[in-house]
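Asker: Supplied in C-alpha cells, the structure appears directly below.
The values are calculated or read from the model by the stated rules, or taken from the named source; none is laboratory data. If you're wondering where the values come from, they're calculated on a predicted model, not measured in any experiment. Positions of Cβ are generated from backbone atoms using ideal geometry, with glycine treated the same way; all protein chains shown enter the neighbour counts. We work out accessible area using only protein heavy atoms, side chains counted, and drop any ligands, DNA or RNA first. Shrake-Rupley method; radii C 1.70, N 1.55, O 1.52, S 1.80 Å.
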Amino acid sequence: MKISGAEAVIRCLLAEGVDLVYGYPGGAIMPVYDELYKFQDQLHHVLVRHEQGATHAAQGYARATGKVGVAIATSGPGATNLVTGIADAQIDSTPMVCITGQVGKHLLGSDAFQETDIIGISTPVTKWNYQITEASEIPEIIAKAFYIARSGRPGPVLIDITKNAQFDEFEFSYEKCTGIRSYNPVPKLKLDKVAEAAALINNAKKPFIVFGQGIILGQAEEQLKAFIEKSGVPAGWTILGLSALPTDHPLNVGMLGMHGNYGPNMLTNECDVLIALGMRFDDRVTGKLATYAKQAKVIHFEIDPAEIDKNVKTEVAVLGDVKEALNAILPLIEKRSHDSWHNEFKELYKIEVESVINEELNPTNGKGISMGETMEMINKHSKGDAIIVSDVGQHQMFACRYAKFNSTKSNITSGGLGTMGFALPAAIGAKMGRPDREVVAIIGDGGFQMTIQELGTIFQTQVPVKIVILNNEFLGMVRQWQELFFDNRYASTKMINPNFVAIAEGYHIKSKKVTQREDLDAAVAEMMASKDSYFLEVMVEKENNVFPMIPTGACVSEIRLS
Amino acid sequence: MEDKTFTISVYSENNVGLLNRISGIFLKRHINILSLNVSESEIENVSRFIIVVDTTEKWVQNIVGQIEKQIEVIKAFYHTDEETIYLENALFKIQSSLLFDEKQIQNIIKESQSTIVTVSRDFFVISKSGRRSEIEELYAKFKPYGIMQFVRSGRISVSKEKMEISSLLEALN
C-alpha cells in the first residue's frame, strides 16, 4: 500500500506504541500535522505554547512512565527551540524522540525560509540524529530512533524530515529495530567481575552504596532494596536516584553532593568500599575529585563503558545491566548489619537535624515561611505518594532534600543541565503519562517565568497538575552564591514579579496566594484535594539559604552546615 | 601524566554526519587534532578514521570511550607511535626551470627518495612519503629555491599488533 511519508511517520509512531505526542505546528511539518488530524482518535497531540515546552513535557512523560517521550516541531526556529530540552534529556539519559520538519531537499543548504542545520546543531546533544530526505527511509529510521532512544543508556534522538519526504508516496511496511551492528547497548555481564565485587563487599568494614538514576532506568529498584537489606550497607542517592528507594527505608542515608545530607557526604571519605550503582560521579556529587573517596576501593556498576574511570578510578567495574548484575551478586553477598558503621551516619544526621533541619522545618525568630516547611506540608497531604516535579534552584534542593517518596519514578527534575523552566511543562507530561498519580510541580519565581506560557497548555488540556511557586522574589540560588562568595553583591538577582495569581486566573486555573504561615496547611490541603489544576503561590523567606553546602571545588567532607 | 602523541583509529559505518560527531568530542575537550584522515578500511563498507592528537593517556582513554559511544562507531583503538607503522604524504610544486638551473635539486630528490609525479613546462611536482620529520627536512631543503605550493596529508597508520576488528565484525554480523 502506497502512503505519503507524513502518513508513514504517524503509522511508525503508532507501531512503536506511541499514543501521545507534544508539539507545535509550522510550515515544514504541516504534512505530518495534516495526518495527525486524520489520526487524532489514535494519536493524541498536545499543543504546547513553545517548542521547549514540548521537549520538557515529553521528558516528564518519559521519566514518569519509563516510555519514550515524543516531541514534534517545524524547521528553523521550531527545531532550535527544542535544543534546550534535548540537551537536558541527553545529560539526564531520558528517552525521547524529536521529529522536526525541514525544507525540501532541493532547498537544503540554500538558507531557505526557516531552514537551519538542526542536524549540525543537535549533534553534540543527541544520542543519535538523522536527516531523512527520501520518504522510503522513514520506517527504518524511525524504528532505529526508538530503539536507540530507549535501549542501553537511554537518550534523545532527533529525526529531521524534509518536506518532500513527507509528501512523497512509497510502499509502506514497518519492522521494529532490534539491533544495530555498530551499537552494543548493554555490555555483557562478566561473572568474574561480579564475584570480585562480591568479595570486596563481603570483606568491607565500612562499605557505602551510592545509587543513581541507573537503578530507575534499569528497573532495578527491588534488586537494590534486596541488595541493601542483605548486605546491610548504608545507601545514599544522587539527585536523579531519588525515589528509587523509599525515603523512610532504614538504610537510606540521604542525598549526596553539593546540597546533600551531612552524613553521606562526610562518610564518603571514610568508607573503605564505595559501591556506585547506576551513577556517573557527576562533579556536583564528587566535589573535588583529587580528594574524593581516595581511601576507598570503588566498585562501579554501570551500563555505559565510557563512564568507567572517567572521573573516579575504579577497583572493579561491573559493566552491564544493573538489574542483571544485582541479581547475580545477591546470592554471593553475605548477610551483614554493619550496625556501628550505620550509627556513624545516624550521629551525623543528628548533627544535621540540630543545626539545619529543625530550623528549616520550624523556623524561629519571626522568619517568614521556609521552603522546607512548605515541602513538609506537601508531604503531610500527599503522604509521600505524589510525583514531585521540581525546577532548578534553591527550591529544587529543598524539594529533593525534604520531599518524601514511597515509590519509584516520583522525583522528576533537571539534574545534569539544571534547566530553569523545566518543571511546569515536565509536570504536564508527567501527569498525562501517569493520570492515576498526583503530580505537584515545585517551581521558583524565576524558573516559572521561563516557561510560564505553558499555563495555556494546562488550560487547554485541563490536565490537573498542581503548581506550587515558592516565591522569594529572588533568583535564590544565585543570590545565595552572591551572599556567600561574592560579598553580598546581588547583581541582577532581585526579581520584580507580576501578579502570578492574576496570570494563573487569566488561564482559568484555580489559584491561591499564601503569605502567612497559619494559612499554609489549609491552602496545601485545598490544593491537594482539588480535582482540577491548581496554582498555589507561597511567599517564602527572601534570603534563606540551602545548607548543608559543599562549595565548588571543595572536598565532600568539607561540607558546611552554615 | 605527560602529553604524548597518540594515533586513534576509529572503525565506523560509512554514514553522513559522523565526522561532525567525532570532531565534536575533541572540540568539547579543547583538544587540537594534529592530523585527520578518513578512508575506506580493509573491510567492505567500513570507514576508518585516523586521528592524531597530543594528550595524556587518561584523556585519550576517555576520548576513545566517548567515540565508541557513538551509534555508528564499531570500534575505536589508540596507539602510541611505537606501536604503529605510520607515515604522511606530501606534494611539493616547484618551478620547472629550477630542475635545470639548480643541479642540487636533482640530488635532493635522489637523496630523499622522493618521486617526481609530473613535469610540465612551468612546474614539476615531487611526492614524498614518510614521517613528519622527513617531510619537514625535505621542505627545509626545497625552501631556498622557492616552493610554489606545498601540501601534506593526514597521518595514515597501521598497528604493529593485530587489530581485532575483523573478528569483532564477524561476531556482530
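Asker: Any residue that is touching a Gly at 6+ places or on another chain (Cβ under 7 Å) and within 14 Å of chain A (Cβ to nearest Cβ) - is there at least one of those in the range B:14-25?
Answerer: Yes; the residues of the range B:14-25 include at least one that is touching a Gly at 6+ places or on another chain (Cβ under 7 Å) and within 14 Å of chain A (Cβ to nearest Cβ).
Asker: Then there is this: How about the range A:1-115: which helices (runs of 4 or more DSSP H) wholly inside it have at least 3 residues that are within 22 Å of A:Val392 (Cα to Cα)?
Answerer: Helices (runs of 4 or more DSSP H) meeting the threshold: A:51-65, A:83-91.
Asker: Let me ask you something else. Could you run through the range B:40-54 and say how many residues are at pLDDT 95 or above and away from chain A (no Cβ under 14 Å)?
Answerer: The total comes to 5.
Asker: Of everything in the range A:156-183, what is surrounded by fewer than 18 Cβ atoms within 10 Å (Cβ to Cβ), assigned to a strand (DSSP E or B) and within 11 Å of chain B (Cβ to nearest Cβ)? Give them in sequence order.
Answerer: A:Ile180
Asker: Using beta carbons and a limit of 8 Å, which pairs, at least six apart or on different chains, have the first residue in the range A:160-188 and under 19 Å from B:Ala76 (Cβ atoms) and the second one open to solvent by 70 Å² or more (accessible area, probe 1.4 Å) and of a type in the set (Asp, Glu)?
Answerer: If the second residue must be open to solvent by 70 Å² or more (accessible area, probe 1.4 Å) and of a type in the set (Asp, Glu), no pairs are left.
Asker: If we keep just the residues of the range B:26-39 that are more than 13 Å from chain A (Cβ to nearest Cβ) and open to solvent by 40 Å² or more (accessible area, probe 1.4 Å), which is nearest to the chain's Cα centre (by Cα)?
Answerer: Within the range B:26-39, the match that is nearest to the chain's Cα centre (by Cα) is B:Leu36.
Asker: Identify, by number, the condition in (1) acidic (Asp, Glu); (2) in contact with a helix residue (DSSP H, G or I) (Cβ under 7 Å, 6 or more places away or on another chain); (3) more than 13 Å from chain A (Cβ to nearest Cβ) that B:Glu2 doesn't meet.
Answerer: Going through the list (1) acidic (Asp, Glu); (2) in contact with a helix residue (DSSP H, G or I) (Cβ under 7 Å, 6 or more places away or on another chain); (3) more than 13 Å from chain A (Cβ to nearest Cβ), B:Glu2 breaks only (2).
Asker: Assuming A:Thr123 fulfils every condition listed in (1) in contact with a strand residue (DSSP E or B) (Cβ under 7 Å, 6 or more places away or on another chain); (2) touching a residue at least 12 places away in the same chain (Cβ under 8 Å) apart from one, which condition is it?
Answerer: Status for A:Thr123: all satisfied but (2).
Asker: Among the residues of the range A:225-247, which ones are over 14 Å from A:Thr413 (Cβ atoms) and without any contact (Cβ under 8 Å) to a residue 60 or more places away in the chain?
Answerer: A:Lys225, A:Ile228, A:Glu229, A:Ala235, A:Gly236, A:Leu245
Asker: Mind listing just one residue for me: the one in the range A:102-127 that is within 14 Å of chain B (Cβ to nearest Cβ), at negative phi and among the small types (Gly, Ala, Ser) and, of those, nearest to the chain's Cα centre (by Cα)?
Answerer: Per the stated criteria, the residue is A:Ser122.
Asker: Still on this structure, please answer the following. Checking the conditions here, which among B:Glu111, B:Glu164, B:Glu136 is away from chain A (no Cβ under 14 Å) and under 20 Å from the mean Cα position of the chain (by Cα)?
Answerer: B:Glu136
Asker: What's the number of the condition A:Gln131 fails, among (1) assigned to a strand (DSSP E or B); (2) polar (S, T, N, Q); (3) more than 10 Å from chain B (Cβ to nearest Cβ)?
Answerer: (3)
Asker: Condition check: at the interface with another protein chain (Cβ under 10 Å from one of its Cβ atoms) and over 20 Å from the mean Cα position of the chain (by Cα). Does B:Glu68 satisfy that?
Answerer: Yes: the conditions hold for B:Glu68.
Asker: Moving to a separate point now. What strands (runs of 3 or more DSSP E) completely inside the range B:63-173 contain at least 1 residues that are open to solvent by 30 Å² or more (accessible area, probe 1.4 Å) and touching a residue at least 60 places away in the same chain (Cβ under 8 Å)?
Answerer: B:73-80, B:84-95, B:149-152, B:156-159
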